[in-house]
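Below you'll find the structure, written out as C-alpha cells, and then a few comments.
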Amino acid sequence: MRANRVAALIVATAACSPRGATRTTPEIDQGWYAGGATCTGPQLQVRAYTKDFFILRQAACTNYEKPFLYLIFGSERALLLDTGAGKIDLVTPIDSLLRNHGTRDLVVAHSHAHSDHVAGDTLIAKRANTRVVGRDTAAVRSFFQIARWPTDSGTIDLGGRVLDVLPIPGHQPASIALYDRRTGILLTGDTFYPGRLYVRDTAAFAVSVARLASFVRTHRITHILGTHIENTNTPFVDYPVGTIDQPHEHGLDLTSANLFELDSLVRSMRGRMTRTIRRDFTIWPQLP
C-alpha cells in the first residue's frame, strides 16, 4: 500500500526533447496543471528535469498558491528549496527520492520566508539527517557564508555540485536566488516568475533585479524558474488572485530576455514603481 502511494505521488518523467538541433539541455515541462478544488490526483507532482534535479508542484486543492519546490542532488547530500504551503505529505516523496539516489543527508533552504514556501518546515525538520536553514537574513547569510548582505554572494557544495546563492531582497528581506552550475538553471523564487511580481521594497527590488541581470549576462543560463505560475497562456492576462483551477497556464520557465525586460522597466521607473502589465509578468508594487 505504501509503495503504491509513493508511486502515485511521484511522476518522474524526464523532459529531454530538444527545441532545436543545437540545443543540448532538456526542456522544462510546460504542462503543470495542478488540478481544481477537489483532490483527485497526487498532492504533489514530482518530475525529473534530469536524474538529479527534480521539480515539484503542490496541488491546487491543498492551497491555491500551488507553489513549486526544487530538489537538487550532489554526491554527498541533496538540497530542497522550499517546503510548500502545508497540508500535504512532503516527507514520503522526498524520502523516496533520497533513497533512490542512495542519499540520506538533506539541506532545506527557502527562496524566501513567506508562509506558502515554509509551511512544511515543521514536518521535514523531524526527518533524520536533515538541516533546515533559518528563515531570516542572519541565518541565511551565516549558513551560506555570505560576507556582506545583500551585495555579496555565497555557495553551497552538495558534493561535486556547487550552487551559487544570490541575495535578492525586495519581495521579502531574506529572498535568495540559486544558480545550479551543472544545469545552468537559475531559481528566482517569488522575485521573478510568470505572474504578479509583488514588490514590497522598491529600492531593494530594483537593486536585486539589476544584480540578477548582471549575473545572467556572465553565466550560462538555460532556464529561469520561479515558484508560481499566475499568468495564463494568453499574453498579458493573468488569473485573478485566489484562482484555484488554472487549466490554461503560462509555461513555468522564463528567459534571460524576460529578465532584461524587467530590469529595463524597473530602471525606467527610477524608484517610483507603478503596476505594469507585460506579456509574461506584471510588476505589482504593494503598500507597506
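Within the stretch 267-287, being in contact with a strand residue (DSSP E or B) (Cβ under 7 Å, 6 or more places away or on another chain), aliphatic (A, V, I, L, M) and over 19 Å from Thr234 (Cβ atoms) holds for one residue alone: Met273. Across the stretch 96-107, the qualifying residues are those that are buried (at least 17 other Cβ atoms within 10 Å of the Cβ) and more than 19 Å from the chain's Cα centre (by Cα), and the one among them that is nearest to Leu44 (Cα to Cα) is Ser96.
Residue-level check: of (1) of a type outside the set (A, V, I, L, M); (2) surrounded by 18 or more Cβ atoms within 10 Å (Cβ to Cβ); (3) more than 21 Å from Gly189 (Cβ to Cβ); (4) in contact with a Gly (Cβ under 7 Å, 6 or more places away or on another chain), Ser75 misses just (2). For first residues located in the stretch 37-56 and touching a residue at least 60 places away in the same chain (Cβ under 8 Å) and farther than 18 Å from Pro247 by Cα, partners that are among the charged types (D, E, K, R) and part of a strand (DSSP E or B) and lie 6+ apart or on another chain with Cβ distances below 6 Å form the pairs Ile55/Arg47.
When we screen Val207, Val241 for residues that are in a helix (DSSP H, G or I), β-branched (Val, Ile, Thr) and either touching a strand residue (DSSP E or B) at 6+ places or on another chain (Cβ under 8 Å) or surrounded by fewer than 19 Cβ atoms within 10 Å (Cβ to Cβ) (or both), the only hit is Val207. Every test in (1) out of contact with any helix residue (DSSP H, G or I) (no Cβ under 8 Å at 6 or more places or on another chain); (2) farther than 29 Å from Ile244 by Cβ; (3) crowded, with 21+ Cβ neighbours inside 10 Å is passed by Leu81 save one, and that test is (2). Residues of the stretch 120-144 that are of a type in the set (A, V, I, L, M, F, W, C) and either touching a Lys or Arg at 6+ places or on another chain (Cβ under 8 Å) or outside any loop (DSSP other than H, G, I, E, B) (or both): Leu123, Ile124, Ala125, Ala128, Val132, Ala138, Ala139, Val140, Phe143. One residue stands out in the stretch 180-224 among those that are of a type outside the set (S, T, N, Q) and within 11 Å of the chain's Cα centre (by Cα): the one that is farthest from Arg278 (Cα to Cα), namely Ile185. Of the residues making up the stretch 236-288, those that are among the small types (Gly, Ala, Ser) and within 16 Å of Phe192 (Cα to Cα) are Gly251, Ser256, Ala257, Ser264. Taking the stretch 70-88 as the range and being touching a residue at least 40 places away in the same chain (Cβ under 8 Å), assigned to a strand (DSSP E or B) and closer than 15 Å to Leu225 by Cβ as the test, the residues that pass are Tyr70, Ile72, Leu79, Leu80, Leu81.
Values quoted throughout were computed directly from the atomic coordinates according to the rules given, and no laboratory measurement underlies them. These numbers come from a predicted model, not from an experiment. Cβ sites come from the backbone with ideal geometry, for glycine too, and all protein chains shown count toward neighbours.
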